[in-house]
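Okay, so here's the structure we're looking at.
The values are calculated or read from the model by the stated rules, or taken from the named source; none is laboratory data. A quick note: this is a predicted structure, and the numbers were derived from the prediction, not measured. Because the Cβ atoms are built from the backbone with ideal geometry, glycine has one as well, and the counts that use them run over all protein chains shown. These area figures cover heavy atoms from the full protein model, side chains too; ligands, DNA and RNA do not enter into them. Shrake-Rupley method; radii C 1.70, N 1.55, O 1.52, S 1.80 Å.
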Amino acid sequence: MKRLDKIYLGTNTKMYKTIKDTVEFLEKLAGLTADIDRNLMELFVIPSFTTLYHAKKAAPERLIKLGAQNMCWEDEGQFTGEISPIMLKEIGVNIIEIGHSERRHVMGETDEIEKKKVSAALRHGFIPLLCIGETMEQKNYGISDEILRIQLKIGLSEITADQAKNVWIAYEPVWAIGVNGIPADEGYANEKHGVIKDTLISMFGREIGGDIPVLYGGSVNPQNALKLIKEENIDGLFIGRSAWQAENFNGIIRSVLPLFMEKKKREGVEKHG
Ligand code: 13P
């Protein structure tokens, strides 16, 4: 099965849920979505580091993949306050979120740093979920496409095409994220996803680059989720606030799944006549 035959739906709980909150959320989400065929959907949750040990036990991996919000690129050493790939492997997480806008713009991470983290994640068998996106200032200068290309070309510069088979990308325009965010409209998001896909194809070839999932994130809500997922280049959604209650997340999942299936069917018909 090609990777893009599935829809990718996940949430980053940022610095919000305690261990108890996270376990309750995962148990509820796993129960509510257990009947959905995982060949059609990749569901994932990325909670805080302190919750991961308990989170791993709260929901089976076959139902929900678990991710870490950040990772150091070194296996061990004098890096006070950092968490290493070995430590995350010990817990058994699947995904490493790399370069979220809050890491880049609040914590000052650079493309060079994200590059080291992507390589380390792949070396240890994780799925790196590389987050990219332009600021409002960059958008106003008309350089969004260049910024996305730079973030991809540096962030993924050290990896082989074979390794790229395990990478996921999230397009999260900085101006669209969080309480003050303005959601990107579906046309704009689709166009930027097109730029991202073209760049990935230029780097890794059509077969591999074209098969890397590109998710949209930034003020996704039950209304715009439907419009976004209908777009050709949007392979999934990476959701914050609107997914932090299991019932609400389940609602979004149930509403976008049939639209995604229709889109896949339509694309299949167009391709094969
Ligand atoms: P919001 O959906 O709350 O804007 O957050 C998106 C996000 O940052 C996902 O990583």
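Miscellaneous remarks
- Screening region 235-270 for residues that are within 18 Å of the chain's Cα centre (by Cα) and not in a helix (DSSP H, G or I) and picking the one that is nearest to the ligand (Cβ to nearest atom) gives Gly240.
- Being in contact (Cβ under 8 Å) with a residue 40 or more places away in the chain and either over 15 Å from the mean Cα position of the chain (by Cα) or away from the ligand (no atom under 16 Å from the Cβ) (or both) is not true of Leu130.
- The requirement of being open to solvent by 20 Å² or more (accessible area, probe 1.4 Å) and either among the aliphatic types (A, V, I, L, M) or more than 23 Å from Arg149 (Cβ to Cβ) (or both) is not satisfied by Trp175.
- Against the list (1) under 19 Å from Arg103 (Cβ atoms); (2) away from the ligand (no atom under 15 Å from the Cβ); (3) of a type in the set (Val, Ile, Thr); (4) in contact with a Gly (Cβ under 7 Å, 6 or more places away or on another chain), the condition Ile201 fails is (1).
- Of all the listed residues (Arg206, Arg149), the sole one being in contact (Cβ under 8 Å) with a residue 24 or more places away in the chain, more than 16 Å from the ligand (Cβ to nearest atom) and open to solvent by 60 Å² or more (accessible area, probe 1.4 Å) is Arg149.
- Test: Ile182 is part of a loop (DSSP other than H, G, I, E, B), within 12 Å of the ligand (Cβ to nearest atom) and on the phi < 0 side of the Ramachandran plot: yes
- Any chance Tyr216 is over 16 Å from Ile169 (Cα atoms), within 16 Å of the ligand (Cβ to nearest atom) and either touching a strand residue (DSSP E or B) at 6+ places or on another chain (Cβ under 8 Å) or not charged (D, E, K, R) (or both): no
- Any hit, region 253-267, residues being buried (at least 19 other Cβ atoms within 10 Å of the Cβ), of a type outside the set (Val, Ile, Thr) and more than 13 Å from Met41 (Cα to Cα): no
- Residue satisfying all of: in region 7-51; of a type in the set (Lys, Arg) and free of Cβ contacts under 8 Å to residues at least 40 places away in the same chain; nearest to Ile95 (Cα to Cα) among these: Arg38
- Among the residues listed as Ser119, Ser144, Ser101, the single one being under 20 Å from Thr11 (Cα atoms) and open to solvent by less than 30 Å² (accessible area, probe 1.4 Å): Ser101
- When region 222-234 is filtered for residues that are within 13 Å of the ligand (Cβ to nearest atom) and under 16 Å from the mean Cα position of the chain (by Cα), the ones remaining, listed by number, are Ala225, Leu228.
- Pair list, Cβ < 6 Å and 6+ apart or interchain, from region 79-103 residues that are touching a residue at least 60 places away in the same chain (Cβ under 8 Å) to residues that are among the acidic types (Asp, Glu) and within 12 Å of the ligand (Cβ to nearest atom): Ser101/Glu172
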